[in-house]
1. Taking the condition among the acidic types (D, E), under 17 Å from D186 (Cβ atoms) and touching a helix residue (DSSP H, G or I) at 6+ places or on another chain (Cβ under 8 Å), does E157 pass?
2. With I206, I202 as the choices, which residue is surrounded by 12 or more Cβ atoms within 10 Å (Cβ to Cβ), modelled with pLDDT under 95 and either small (G, A, S) or touching a Leu at 6+ places or on another chain (Cβ under 8 Å) (or both)?
3. Of the residues in the stretch 22-49, how many are part of a strand (DSSP E or B) and more than 27 Å from V105 (Cβ to Cβ)?
4. Quick one: would you say S181 is out of contact with any Lys or Arg (no Cβ under 6 Å at 6 or more places or on another chain), in a helix (DSSP H, G or I) and polar (S, T, N, Q)?
5. Filter the stretch 90-133 for residues that are surrounded by fewer than 21 Cβ atoms within 10 Å (Cβ to Cβ) and touching a Gly at 6+ places or on another chain (Cβ under 8 Å) and give the result.
6. Checking the condition part of a strand (DSSP E or B), among the aliphatic types (A, V, I, L, M) and under 15 Å from the mean Cα position of the chain (by Cα), which residue from V96, V73 passes?
Amino acid sequence: MVPHLVSEGTTSSFSFDNMLRVLLISHVPLPDSLVEYIEDVLNRIVPTEVDIAVMADLLEIAEEFLDPARGQVNAEKLLEYLRESTGPLDFLEKHVYVIDVDAYVPRLNFVFGIAEMCGNIAIVFTRRLRPEFWSGVIPQVIDRPPELLFLERLEKEILHELGHTLCLEHCSNRKCVMSFSNTILDVDAKEADYCRYCSEKIRAAITWRKF
């Protein structure tokens, strides 16, 4: 099955060969504010354009990789499928899929996202980013409306997985968006931005690979 994308909106024309081009893909429309924030953060590091698209059957595709015993999607298998079903991409082209499911990899109980290191494809799983998922499990310690808290978490995880596609490993700076999140509290504790060290590594990765 070849994924079918329907353009939902754009902030730019993707016309420059030396520009980082990010396509955010979901089965539901994503808010313009999310696109603008991701573009703003990345543009402070490298020239970036962000586009969004709706893929109506994305949720259905993800559920084909559901492990019935766990009730979770196998993130590695889904990533492999999306990689194989996407045509060749330049290093500066990044596709980030945003899917409302719970997911895992064999060595972990769950993951918020997964990405190809120095690659093109990343996935963010939103089920555990939603405040209601943790209701009654983890006390709400951040004074934010649920919809705003969810959006902040989504921004962080998109930037985190994009960082992996740009050759970033996990960062020891707990405030950096590239720090590893073992729990949702770790997601809330970090900032939705790259530290200076990770920003420089992104510039270096693009400088070496765009020619």
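The values are calculated or read from the model by the stated rules, or taken from the named source; none is laboratory data. Not measured: the values here are computed from a predicted model. Cβ sites come from the backbone with ideal geometry, for glycine too, and all protein chains shown count toward neighbours.
1. It is true that E157 is among the acidic types (D, E), under 17 Å from D186 (Cβ atoms) and touching a helix residue (DSSP H, G or I) at 6+ places or on another chain (Cβ under 8 Å).
2. I206
3. 2
4. In short, no.
5. D102
6. V96
For every residue, the table says whether it meets (1) among the β-branched types (V, I, T); (2) under 16 Å from I123 (Cβ atoms).
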position	(1), (2)
I52	yes, yes
E63	no, yes
G71	no, no
E84	no, yes
F91	no, no
